[in-house]
Amino acid sequence: MRKKREVIPQPKSRFLKVQCPDCGAENIVFDRASSVVKCYVCGRVLAEPRGGKARLLVKEENAIYVMS
């Protein structure tokens, strides 16, 4: 079978809204972050880079899909 070609391809990466378990602040994190992401209020590490996708150290609240 042939694979259908998409007219407008969708991005495979996304931005995630996560909540810090210590202070409760909401932060926006890129799922393929290349550097350590810390909470802007208390400084707790929220995500670590792992080559491709970043490893989230907190629970993902919901995802925000960004389209241009």
- In segment 27-52, residue farthest from Lys12 (Cα to Cα) [restricted to those that are of a type outside the set (A, V, I, L, M) and in contact with a Leu (Cβ under 9 Å, 6 or more places away or on another chain)]: Arg44
- Message: Consider segment 53-62. How many of its residues are within 18 Å of Pro11 (Cβ to Cβ), touching a residue at least 40 places away in the same chain (Cβ under 8 Å) and surrounded by 12 or more Cβ atoms within 10 Å (Cβ to Cβ)?
- Response: 1
- Item | Tabulated pairs, segment 2-13, first surrounded by fewer than 10 Cβ atoms within 10 Å (Cβ to Cβ), second among the hydroxyl-bearing types (Ser, Thr, Tyr), C-beta under 6 angstrom, 6+ apart or interchain | none
- Note on the structure: Listed by first then second residue, the pairs whose first member lies in segment 19-34 and is aromatic (Phe, Trp, Tyr), whose partner is surrounded by fewer than 16 Cβ atoms within 10 Å (Cβ to Cβ), with beta carbons under 9 Å and at least 6 positions apart or on separate chains, are Phe30/Ser13; Phe30/Arg14; Phe30/Phe15
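Each value in this text was obtained by applying a stated rule to the coordinates, not by laboratory testing. Values in this document were obtained by computation on a predicted structure and should not be read as measured data. Positions of Cβ are backbone-derived with ideal geometry, glycine not excepted, and every protein chain shown enters the neighbour counts.
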